[in-house]
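**Q** The structure that follows is given in the form of C-alpha cells.
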C-alpha cells in the first residue's frame, strides 16, 4: 500500500496548522486508498540548515538530519500543509525541505494552504521549491481562508465544501503517487 505523509509545515506556538493537518489526515484516512501518517516537522527539532555538505550529495552528518531523512524516505508521497507567511511558506518548512534531497526525489505531492488569501501564494511558492527537489505536484490544491474557515482567525471551522477540495486533491495525488513509485523502481 502507498504511504503518504501529511506534513505539518509550521512550528509556531499556537499554530493553526495543527488543526488543519489533523483534519486533512482524518479525511484521507477514511478513503482506504493509502496509508496516511501525520508528520510534524516540529518533532524533529531541525536547526537552521547546518550540514557541511550540500543535501544533494546525500552525505548527512548530523543525527537530526539522519532521523529526518530516514523518516521521509519511508513515504511514497506527501501532502504539505503550509501557512502563508509574507506570500510564502514558513521558514521552518523551507528549512525542513532543504535539509535533505534524494529522499524527496521522484515522489508526488498535494498541497493545503491556509492564510488571509487561502494560502494560495504559499502554495505557489511551494510548487517552485518542490520542483527543484524533483517532487511532482498535483494541480488540485486546498485553500483555507482565515476569514471564512477559522473563527476569530484561530479556531479551525472549515466550510462544508472544503472536504470536497481535500478529496479532489487526493483523487489526483494517489494516482500520481502510484506513477512516481513506478518511476523510482526503474
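Throughout, read-outs are computed from the coordinates displayed, never taken from laboratory work. All values reported here derive from a predicted model rather than from experimental measurement. So basically every Cβ, Gly included, is an ideal-geometry build from the backbone, and we count neighbours across all protein chains shown.
**Q** Limited to the range 24-56, what total is found for residues that are in contact (Cβ under 8 Å) with a residue 40 or more places away in the chain, in a helix (DSSP H, G or I) and either in contact with a strand residue (DSSP E or B) (Cβ under 7 Å, 6 or more places away or on another chain) or over 24 Å from residue 161 (Cβ atoms) (or both)?
**A** The qualifying residues number 7.
**Q** Which of (1) under 18 Å from the mean Cα position of the chain (by Cα); (2) surrounded by 17 or more Cβ atoms within 10 Å (Cβ to Cβ); (3) assigned to a loop (DSSP other than H, G, I, E, B) is the odd one out, the single condition residue 12 does not satisfy?
**A** (2)
**Q** Count, please, the residues in the range 121-149 that happen to be assigned to a helix (DSSP H, G or I), under 14 Å from the mean Cα position of the chain (by Cα) and in contact (Cβ under 8 Å) with a residue 24 or more places away in the chain. Even if it seems obvious, please write down each step before you answer.
**A** Taking the range 121-149 first, the residues assigned to a helix (DSSP H, G or I) are 121-132.
Filter once more, keeping what is under 14 Å from the mean Cα position of the chain (by Cα): 122-131.
Filter again for in contact (Cβ under 8 Å) with a residue 24 or more places away in the chain, leaving 122-123, 125-126, 129-130.
So the answer is 6.
**Q** Could you check, for the range 30-47, whether at least one of its residues is within 25 Å of residue 140 (Cα to Cα), loosely packed, with under 15 Cβ neighbours inside 10 Å and touching a helix residue (DSSP H, G or I) at 6+ places or on another chain (Cβ under 7 Å)?
**A** Yes, the range 30-47 contains at least one residue that is within 25 Å of residue 140 (Cα to Cα), loosely packed, with under 15 Cβ neighbours inside 10 Å and touching a helix residue (DSSP H, G or I) at 6+ places or on another chain (Cβ under 7 Å).
**Q** Inside the range 79-120, can you point out the residues that are touching a residue at least 60 places away in the same chain (Cβ under 8 Å) and in a helix (DSSP H, G or I)?
**A** 92, 93, 96
**Q** If a residue has to be surrounded by 15 or more Cβ atoms within 10 Å (Cβ to Cβ) and either in contact with a helix residue (DSSP H, G or I) (Cβ under 8 Å, 6 or more places away or on another chain) or within 26 Å of residue 2 (Cα to Cα) (or both) to count, how many in the range 150-166 make the cut? Steps first, answer last, please.
**A** At the first step, the residues of the range 150-166 found to be surrounded by 15 or more Cβ atoms within 10 Å (Cβ to Cβ) are 150, 156, 158, 162-163, 165-166.
Next, from what is left, pick out any that are either in contact with a helix residue (DSSP H, G or I) (Cβ under 8 Å, 6 or more places away or on another chain) or within 26 Å of residue 2 (Cα to Cα) (or both): 156, 158, 162-163, 165-166.
Residues meeting the conditions: 6.
**Q** Moving on to the next point. Being farther than 20 Å from residue 172 by Cβ and in contact with a strand residue (DSSP E or B) (Cβ under 6 Å, 6 or more places away or on another chain) narrows it down to one residue among 132, 84, 103; which is it? I'd like the intermediate steps shown before the answer.
**A** Details: 132 fails: in contact with a strand residue (DSSP E or B) (Cβ under 6 Å, 6 or more places away or on another chain); 103 fails: in contact with a strand residue (DSSP E or B) (Cβ under 6 Å, 6 or more places away or on another chain).
Selected residue: 84, the only one of 132, 84, 103 that is farther than 20 Å from residue 172 by Cβ and in contact with a strand residue (DSSP E or B) (Cβ under 6 Å, 6 or more places away or on another chain).
**Q** Check the range 117-129 and report whether any residue there is in contact with a helix residue (DSSP H, G or I) (Cβ under 9 Å, 6 or more places away or on another chain) and farther than 13 Å from residue 80 by Cβ.
**A** Within the range 117-129 (the criterion being in contact with a helix residue (DSSP H, G or I) (Cβ under 9 Å, 6 or more places away or on another chain) and farther than 13 Å from residue 80 by Cβ), the answer is no, since none of the residues qualifies.
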